[in-house]
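Chemist: I am attaching a structure below and will ask some questions about it afterwards.
The values are calculated or read from the model by the stated rules, or taken from the named source; none is laboratory data. All of these numbers come straight from a predicted model, not from anything done at the bench. Note: ideal-geometry Cβ built from the backbone for every residue, glycine included; neighbour counts use all protein chains shown. Only protein heavy atoms, including side chains, enter the accessible area calculation; ligands, DNA and RNA are left aside. Shrake-Rupley method; radii C 1.70, N 1.55, O 1.52, S 1.80 Å.
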Amino acid sequence: MLPRKILSTEKQKLIEHMVGDMVGEDRRLRFGYSAKDEAVTSYIERSWTRIGKGDQWFVVEDKGRIVATCHISFVTDTQAEMGCTVAPEYKSQGIGQALFDRGANWARAKGATHVYMQCLSENRVIQHIAKKNGMTTVTLAPGEKEATVKIERSELAAASHDAVTETIAICDGIVRTQQWLFESIMKRSLGLTSK
């Protein structure tokens, strides 16, 4: 499952993932507080108007459902903030790292020289990704950290890589969807599932 750019028709699927999959502790770790559903939806709505410009969402989809995301948002001309989510049943499969790579590369292609992530001290997954990618971590306040990395790749190389990666991700998604649909049809035709 490869991350791809979100489609303009997928806002509702994104909201369903962020509200339905990111609950309890997962939501608190992603947003830094126990955000209510309305706050999560409002966050998505605000970012939606800037997609492709100062913001971008990358998604991982499985069986027609968004199961992981990466949101990149430029805060200055050269700095972008990143936040990632992975549905509980899809964790520990390398999806978070793939999202990080995809988001950081897109940010560089758009002119970012630095990408940062804010996280709570107890968010071990994000801290692991930060350390693995050579990010410098600083403590902002008790319980809150920020990890920053300078992106070394050239803008041109990043833009080329982004275009190729997007094409591969789209092809991967098409093949996976066709496989899932074929399996569903076969199971129904053989009477192995309820309709």
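Chemist: To the nearest 20 debye, what charge dipole does the chain have about its Cα centre, counting +1 at the Cβ of each Lys and Arg and -1 at the Cβ of each Asp and Glu?
Modeler: Dipole about the Cα centre, nearest 20: 300 debye.
Chemist: Further, regarding this structure: Which GluC sites (Glu not before Pro) from region 137-176 combine a DSSP loop assignment with at most 13 other Cβ atoms within 10 Å? Mind dumping the intermediate values first?
Modeler: Values: sites: GLU144, GLU146, GLU152, GLU155, GLU166; in loops: GLU152.
Hits after loop and neighbour filter: GLU152.
Chemist: Here is a further query. What nm distance separates the two modelled labels at GLN179 and SER42, each placed 7 Å from Cα along Cα→Cβ?
Modeler: 4.2
Chemist: Can you work out the Karplus-derived ³J(HN,Hα) for every residue in region 125-138? Use 6.51 cos²θ - 1.76 cosθ + 1.60 with θ = phi - 60°, whole Hz, and x for glycine or proline.
Modeler: Each residue of region 125-138 in turn: 5, 5, 5, 5, 4, 4, 5, 4, 9, x, 6, 7, 10, 10 Hz.
Chemist: Only helical DSSP H runs with n ≥ 4 go in: add -39500 (n - 2.57) per run for the chain, normalise by residue count and round the 222 nm mean residue ellipticity to 500 deg cm²/dmol. Show your work: numbers first, answer last.
Modeler: Numbers: 6 runs with 89 residues, N = 195.
Dividing the helical sum by the residues of the chain leaves -15000 deg cm²/dmol.
Chemist: Hey, what's region 24-157 come to in accessible area per residue, 1.4 Å probe, Å²? Before the final figure, lay out each step's value.
Modeler: On the way: 6570 Å² over 134 residues.
With all protein chains present, region 24-157 gives 49 Å² per residue.
Chemist: Another one. Helix 95-109 against the longest principal axis of the chain: what's the angle in degrees, Cα atoms only, rounded to the nearest 10?
Modeler: Value to nearest ten degrees: 60.
Chemist: I'd like the Karplus ³J(HN,Hα) series for region 161-172: coefficients 6.51, -1.76, 1.60, θ = phi - 60°, whole numbers in Hz, and an x wherever there's a Gly or Pro.
Modeler: The phi angles translate into 4, 4, 5, 5, 4, 5, 4, 5, 5, 5, 4, 4 Hz.
Chemist: Once you order the gyration tensor axes a ≥ b ≥ c over the Cα atoms, which shape class does region 1-119 get: rounded for a/c under 1.5, otherwise prolate or oblate by comparing a/b with b/c? Please list the in-between numbers first.
Modeler: Values: a/c = 1.40, a/b = 1.29, b/c = 1.09.
Here region 1-119 falls in the rounded category.
Chemist: Straight-line reach only, C-alpha to C-alpha below 29 angstrom: list the lysines that LYS145 could link to, leaving out same-chain residues fewer than 8 apart.
Modeler: LYS145 reaches LYS5, LYS36, LYS53, LYS91, LYS110, LYS131, LYS132.
Chemist: Can you quote the Å³ per residue value for the convex hull of the Cα atoms in region 95-168, rounded to an integer?
Modeler: 76
Chemist: Also: Please report, to one decimal in angstroms, the Kirkwood hydrodynamic radius of region 78-132 built from all distinct Cα-Cα pairs. Before the final figure, lay out each step's value.
Modeler: Values: mean 1/r = 0.0839 Å⁻¹.
Taking the inverse mean of 1/r over all distinct Cα pairs, region 78-132 comes out at 11.9 Å.
Chemist: Around TRP48, what is the net charge, scoring Lys/Arg as +1 and Asp/Glu as -1 over all other residues with Cβ under 9 Å from its Cβ?
Modeler: Summing Lys/Arg as +1 and Asp/Glu as -1 gives +1.
Chemist: A follow-up question, please. In nm, to one decimal, how far is the modelled label at LYS131 from the one at SER154, with both set 7 Å along Cα→Cβ?
Modeler: 3.5
Chemist: If Lys and Arg each add +1 and Asp and Glu each add -1, what is the summed charge of the other residues whose beta carbon sits under 13 Å from the beta carbon of GLU155?
Modeler: 0
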